[in-house]
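**Student:** Sharing a structure here in C-alpha cells format.
The values are calculated or read from the model by the stated rules, or taken from the named source; none is laboratory data. Everything numeric in this text was worked out from a predicted model, so none of it was measured. Glycine gets a Cβ as well: all are built from the backbone with ideal geometry, and neighbour counts include every protein chain shown. Side chains included, ligands, DNA and RNA excluded: accessible areas come from the protein's heavy atoms. Shrake-Rupley method; radii C 1.70, N 1.55, O 1.52, S 1.80 Å.
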Amino acid sequence: MAFEEILRQTRSLLCLDCGKCTGTCPVTRVDPTYSPRATIERVLAGRPEELINNDHLWACLTCRLCTTRCPSGVDYPAFVVAARVQARGTGVEGTYAHNAVMQELMGLMTLPVKQNRTGWVSGQMRTAAQGEDFYFVGCLPYFDVIFADLGVVSTEVARNTVRLLNRLGITPVVSDDERCCGSDLLLNGDEVGFRRLAELNVRTIAESGAKRVIFSCPECYNAFRNDYPRVIGPLPFEVVHLTELLAEHVGELGLGGLEETVTYHDPCRLGRYQGIYEEPRALIQAIPGLELVEMRKNRAQGLCCGTTGWVNCGQCAKGIQITRLRQAQATGATRMITACPKCRIHFTCALNDVGEEIPIEVEDLTGLLARSMEE
Amino acid sequence: MGEFRPRIVVFACNWCSYAGADLAGVSRMQYPPTTRVIRVMCSGRVTPGFILESFRQGADGVLVTGCHPGDCHYISGNEKALATVERTKRLLHLLGLETDRLRLEWISAAEGARFARVMTQFTEQVRALGPSPLTEHATRSTQYATRDTPHHR
C-alpha cells in the first residue's frame, strides 16, 4: 500500500494539526520528543522516509487513546501499523524486547511444528478434542517459560478459564495445533507471517467442529475480531471474550465472598478496541463483600500498560507502568485486576523493579473469580 | 541423496571453546564436516532467540559451548548460558522439537581432542533424530533461498 492510500484509509488526510493526540499520548508524557501529530505531518508533507528510518515509528503503543480524542477521527494506530508494514518491506525493523525470542517463536509457529502446548491441563478439568466451543489459549504456555524469572505463572489464567467454563457446563476444546494469533507479528509490520498464522488457526478451529471461540486474552480476541476478517475474510465461527460470556451467566458461577478492595485496569484491546468496559466490572462487583474502586483514569481514558508487540520496552514503558501503578495505589486498593495476561506480565515486571514502594498486587480477573468460586 | 548429514550450528566462546576448535583444526583432528561455528565473545551472549533463529533457518541441531564452570573470562557468563539452554529446551519442547537437538558443552582452549569428540558424538546424536521437521519445510520454501548445500539430503 502506498503512503497516499494509508493516509486516506486511516483518515490521516483529515488531520487538523490540533495536537490533541500529542497532548494525550502516554509516550509523549515520558518522551517529549515523540509526537503523533508531527509524525503524521511528516508523511503528509511527502517525507515518509523520515518516519520509516526513525525510532519513533516503533514508539507508538497502539493504545488508541489519541483516537478517542481526535476530532477528525484519525486512526493513528492503524496508520502506524500500516507504516510499519512499509518499513519492514524496506528491511527496517524495530528493536525487539527479550532478544526477539517472541518474534522467533511467532516465526517458528508459521512453520509446520507439532507443538506440545496443552501440558497445563490437569486431571480435574474437562476439555475435549472436538466440540462446539473452542478455547483459544494464546501464548500463555510460552510466557511461563520466558517470564519465569518474574514469578508470573501465565497458564494459571488458562487453568482458571477452563474451571470457570466447566462451572457453566461448557467443555471447551483445547488444541496442541493452536498457533500464536499473530497480533504482535502484525504490530511488528509482518503481514505475511500474520496471514499465515491466521490461516493455520482458522483451519485448526474449523477442524475441531467449533461454532464459537472463547478468548481469555484481549489481544487474541481483537486479532480474530478485527484483523482476521480484514486479512483472510469472514470467519466460519463466532468469537467471544470470556468476560462477555461470564457476565451473561454470572449467577451460575456460584461466587463466594471476598473481603477486599480492588481496582480494575482496562486493557487497551478489550476497552478502547472492543468497547468492553462494563462486563469485567459487573463480574468483579458480583463478588459479595468485594469493593471495586476506580482509578482516576478509567474506561476509555485508561492508561496503557506501556508495551505492545514485544518491541518498545524500555525506560518509557517503565515510566508509563509506574504512573499507572501509582494511580492504582492512590485508590487505596490492595489489588489491581486486569483482564489481559500481557498487562499482568508488564505490571509485575515494573513492580519487581520498584519493590516495596508500591504495595499493590496485580491479578488476572480469572484468578480473582476462581478464588471467589472456591469460597 | 545419500546419508543424512545434519546441519549443526555451534556457538563457541572466544576465550575457551573457539580456541579449542582452533586447536582441533591445527592439530588435524578429524570430526564430521557438519558444523557451522559462530564465535561469540562469551557463551552468556547466546540467547534463546539465537538458538530459535538457528532452528528457524533450518539447523538440525544447535551446540552451545563455553568455558568450564569457574573458568569464564567474564566470571559467570557460562552460568547464564546454562540457564539459557535449560530455558530454551523448555521452549523447544513446547514447539514439539526434540530437546536432544540442543546441547551444552564446556570445552577449554586446551581440549582440541574433546572438541572433536563432542562434534562426532553430537553429530551422531542429531543423525539418530533425523532431519528437523522445520528443515524439511525450509528447503522447500523460497523464504530460505539463500541456504547453502540443500543437496546434502
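**Student:** Any residue at all in the range A:86-99 that's in contact with a Lys or Arg (Cβ under 7 Å, 6 or more places away or on another chain), assigned to a helix (DSSP H, G or I) and buried (at least 21 other Cβ atoms within 10 Å of the Cβ)?
**Tutor:** So the first thing to find is which residues in the range A:86-99 are in contact with a Lys or Arg (Cβ under 7 Å, 6 or more places away or on another chain), and the list is none.
Within the range A:86-99 (the criterion being in contact with a Lys or Arg (Cβ under 7 Å, 6 or more places away or on another chain), assigned to a helix (DSSP H, G or I) and buried (at least 21 other Cβ atoms within 10 Å of the Cβ)), the answer is no, since none of the residues qualifies.
**Student:** Considering only strands (runs of 3 or more DSSP E) fully contained in the range A:193-289, which possess at least 2 residues that are closer than 23 Å to A:CYS304 by Cα? Break it down into steps so the answer makes sense when it comes.
**Tutor:** Numbers: elements: A:212-215, A:238-241, A:261-265.
Hits in the range A:193-289: A:238-241, A:261-265.
**Student:** Output the residues belonging to the range B:35-86 that are among the polar types (S, T, N, Q) and farther than 18 Å from B:ASP100 by Cβ.
**Tutor:** Step one: of the range B:35-86, the residues among the polar types (S, T, N, Q) are B:35, B:43, B:47, B:54, B:57, B:65, B:76, B:78, B:84.
Hits for the range B:35-86 are B:SER43, B:THR47, B:GLN57, B:SER76, B:ASN78.
**Student:** For residues in the range B:72-93 being under 15 Å from the mean Cα position of the chain (by Cα) and of a type outside the set (S, T, N, Q), which is surrounded by the fewest Cβ atoms within 10 Å (Cβ to Cβ)?
**Tutor:** Restricting to residues being under 15 Å from the mean Cα position of the chain (by Cα) and of a type outside the set (S, T, N, Q), the top hit is B:GLU86.
**Student:** If I go through the range A:55-85 residue by residue, how many of them are under 20 Å from the mean Cα position of the chain (by Cα) and outside any helix (DSSP H, G or I)?
**Tutor:** 7
**Student:** Go through the range B:28-54 and count every residue that is away from chain A (no Cβ under 14 Å), of a type in the set (Val, Ile, Thr) and open to solvent by less than 40 Å² (accessible area, probe 1.4 Å). Even if it seems obvious, please write down each step before you answer.
**Tutor:** The initial filter retains those residues of the range B:28-54 that are away from chain A (no Cβ under 14 Å), namely B:28-39, B:41-43.
If we keep only those that are of a type in the set (Val, Ile, Thr) too, we end up with B:34-35, B:37-38.
Next, from what is left, pick out any that are open to solvent by less than 40 Å² (accessible area, probe 1.4 Å): B:34-35.
Number of matching residues: 2.
Listed here are the residues, each with its yes/no results for (1) crowded, with 23+ Cβ neighbours inside 10 Å; (2) closer than 20 Å to A:ALA223 by Cβ.
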position	(1), (2)
A:GLY107	no, yes
A:GLN124	no, no
A:ALA128	no, no
A:GLY138	yes, yes
A:ASP144	no, no
A:GLY151	no, no
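**Student:** Checking A:THR10 against (1) within 23 Å of the chain's Cα centre (by Cα); (2) open to solvent by 60 Å² or more (accessible area, probe 1.4 Å), which test does it fail?
**Tutor:** Every condition holds for A:THR10 apart from (2).
**Student:** Could you list all residues from the range B:55-71 that are buried (at least 24 other Cβ atoms within 10 Å of the Cβ) and within 22 Å of A:THR95 (Cα to Cα)?
**Tutor:** B:PHE55
**Student:** Working only within the range A:101-130, note down all residues that are of a type outside the set (Asp, Glu), free of Cβ contacts under 8 Å to residues at least 12 places away in the same chain and within 14 Å of chain B (Cβ to nearest Cβ).
**Tutor:** A:LEU108, A:LEU111, A:PRO112, A:VAL113
**Student:** Which residue is most open to solvent (accessible area, probe 1.4 Å), if the candidates are limited to the range A:184-200 and must be within 20 Å of the chain's Cα centre (by Cα) and without any contact (Cβ under 8 Å) to a residue 60 or more places away in the chain?
**Tutor:** Here the answer is A:ARG195.
**Student:** Test of understanding: among A:LEU65, A:LEU61, which residue is in contact with a helix residue (DSSP H, G or I) (Cβ under 6 Å, 6 or more places away or on another chain) and hydrophobic (A, V, I, L, M, F, W, C)?
**Tutor:** Exactly one residue qualifies, and that residue is A:LEU65.
**Student:** Only one of (1) more than 12 Å from chain A (Cβ to nearest Cβ); (2) farther than 18 Å from B:THR47 by Cβ; (3) surrounded by fewer than 21 Cβ atoms within 10 Å (Cβ to Cβ) is not met by B:GLY96, so which one is it?
**Tutor:** (1)
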